[in-house]
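One structure below.
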Amino acid sequence: MNSSATAIYAQRRAQMAAQLGPKGVAIIPTAPEQQRNRDSDFLYRPDSYFYYLTGFSEPNAWLVLTGDGKSTLFCQPKDLEREIWDGFRLGPLAAPAQLALDAAYPVAELDAQMPALFDGRDAVWYPFATHKALETRIDGWLGSLRARVRFGALCPEQQRDLCGLLDEMRLTKDAHEQSIMRRAAQISAGAHIRAMQMSARMLRDGQPVREYHLDAELLHEFRRHGSQYPAYGSIVAGGANACVLHYRADVGEIRSGDLVLIDAGCELDGYASDITRTFPANGKFSAPQRALYELVLASQEAAIAATRAGARFTDPHEATVKVLAQGMLDLGLLDKNKVGSLQDVIEKRAYFQFYMHRTGHWLGMDVHDCGSYIEPSEVGTVSERKDPLSGELIKDRPARILQSGMVLTIEPGIYVRPAEAVPEQFHNIGIRIEDDAIVTDAGCELISRGVPVRVDEIEAVMRV
Ligand code: GLY
Ligand code: MN
Ligand code: MN
């Protein structure tokens, strides 16, 4: 890690420590290694909170932060034999200088040292409900300390959830994070173009195209630019498969005349990108495909226009729904005589038949990133309403007010499953268009537009 990156992590730890109270202590473990089968593990990925505060990507590591700003790392010891098999370990001797920490110890000393690190503290902070058995481990350390009260030990009286503090910090992306996210989105955009072009080329050459052929293009482009892994399981859905929201790239044949929906993004240096494009497999939209595509695009434009500092998180969704609902009436997907006016469609959520997800989510280290969707200053304002479709009682709290540096996706869609009252020309068409946006004071910066989104631009890039 270079020294400017080290300084960024140290500064985050200082900011975190300042919120613990002078006598607080925080414990943040990294992610465990996960067995895939027998003696094969899944590719290792550190815990997002831990990595956000350390930039350290080895497994078996714990960060302990105290309210006076001191950072202690417990990490794997140097071990030549293990390093021959599994690779380099930084080790506790080198870690303090390399990671700008105050101290580092072998992870095997954790149980012995933690009770003493708790002594005289008033609150123990850790991320609640995120790490299996962490609470039990902390109870054990507290128990060991309590066994020493007769000798003057002083136990912390509070346990507090660290997620809220860390989520708030992670919600607004600093310049370092934004630049990684721009690059991740740029790589993913190139991967989408590559998949589009491969689809058209293979069909032109008379070769059968399967979803996994296009998935292979995505992976190739991600890796050749240094991305460590896809940020989530890529969706490559040909034809009717696009109407399955959580479909994964599989063996489905992609036929000329089908649309292909690809929802895929790489993870780069701990940060996700998340892009969806829907394109004609052969490079040319049919009239019904184009009509629905233009509608989704118009709804995305409305959402983009509603995304700026000072707007609510829900504003883009509401803008999308208005455009989509009107389009559903205009195109005959919804029958005016049955569902009524635009206002009725929105109030009764009749559009839900074809648009059943939200228009976006926070994006960052996790693809569905952390951060409260409720405005913190208005958390006590609660209203209740009955959901028009399910009848369920819903508690509404005022949505988050967007601020410069927050990053979110804007991803409207339309999914038309065959049904009697639905015009046949639209059956089995599934479309989503998803871009990644950094909120700015004036609006938003779309960082994923390296891949075309307009009909004529998609058709042009697919002719190459
Ligand atoms: N790719 C996951 C999502 O769009 O939310
Ligand atoms: Mn998304
Ligand atoms: Mn997505």
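Readers should treat all values here as calculations from the given coordinates under stated rules, not as data from a laboratory. Predicted model only: the values in this text are computed from it and were never measured. Quick reminder, even Gly has a Cβ in these numbers, built from the backbone with ideal geometry, and neighbours come from all protein chains shown.
Suppose each label sits 7 Å from its Cα in the direction of the beta carbon; what would the Asp396-Ile84 distance come out to in nanometres?
So the two model labels end up 6.7 nm from each other.
Out of the chymotrypsin sites (Phe, Trp or Tyr not before Pro) in the range 1-70, which ones are loop residues according to DSSP with at most 13 other C-beta atoms within 10 Å?
Phe42
Using the basic label-point model (7 angstrom from Cα toward the beta carbon), what is the Ala112 to Glu424 distance in nanometres?
7.8
Of Met1, Met356, Met16, how do they rank once you tally other Cβ atoms within 10 Å and put the fewest first? Working shown, then result.
Details: Met1 16, Met356 12, Met16 25.
The order, fewest Cβ neighbours first, is Met356, Met1, Met16.
Separation of the range 387-409 and the range 235-297 by C-alpha centroid, Å?
26
Take the alpha carbon gyration tensor of the range 327-464, find the square roots of its eigenvalues, order them as a ≥ b ≥ c, and report rounded if a/c is under 1.5; if not, report prolate when a/b exceeds b/c, else oblate.
oblate
When only C-alpha pairs under 8 Å and at least 6 residues apart count, what is the relative contact order of the chain, in percent?
Details: 958 pairs, mean separation 62.2, N = 464.
Relative CO of the chain lands at 13 percent.
Loop sites only, by DSSP: take the trypsin sites (Lys or Arg not before Pro) in the chain that have at most 12 other C-beta atoms within 10 Å and name the longest stretch containing none of them.
133-453
Over the range 245-306, what relative contact order in percent results from Cα pairs under 8 Å that are six or more residues apart? Numbers along the way, then the final one.
Details: 49 pairs, mean separation 17.0, N = 62.
About 27 percent, as a whole number.
Grab the other residues whose beta carbon is less than 11 angstrom from that of Ile394, score K and R as +1, D and E as -1, and report the net.
Result for the local shell: 0.
Quick one: length gained pulling Ala175 to Ala133 fully straight, 0.36 nm per residue minus the C-alpha distance?
Length difference between fully extended and current span is 11.6 nm.
Are there GluC sites (Glu not before Pro) in the range 413-464 that DSSP puts in a loop and that have at most 12 other Cβ atoms within 10 Å, and which ones?
Glu420
Counting Lys and Arg as +1 and Asp and Glu as -1, what is the net charge of the other residues whose Cβ lies under 13 Å from the Cβ of Ala460?
Taking every other residue near Ala460 into account, the sum is 0.
Taking Cα atoms of the chain, Rg/Rh with Kirkwood Rh, to two decimals?
Taking Rg over the Kirkwood Rh, I get 1.03.
List the residues whose amide H sits under 5 Å from the amide H of Ile275, counting only those 5 or more places along or on another chain, with H placed 1.01 Å from N in the peptide plane.
Ala264, Gly265
Could you tell me how far the Cα centroid of the range 33-105 sits from the Cα centroid of the range 124-194, in Å?
Rounded to whole Å, the Cα centres lie 15 Å apart.
Please express the shape of the range 78-180 as an equivalent ellipsoid: the semi-axes are the square roots of 5 times the eigenvalues of the C-alpha gyration tensor, given largest first in whole angstrom.
28, 24, 14
Evaluate the distance, in nm, between pseudo-label points positioned 7 Å from the Cα of Asp387 and of Gln35 along their respective Cα→Cβ axes.
Roughly 3.8 nm, to one decimal.
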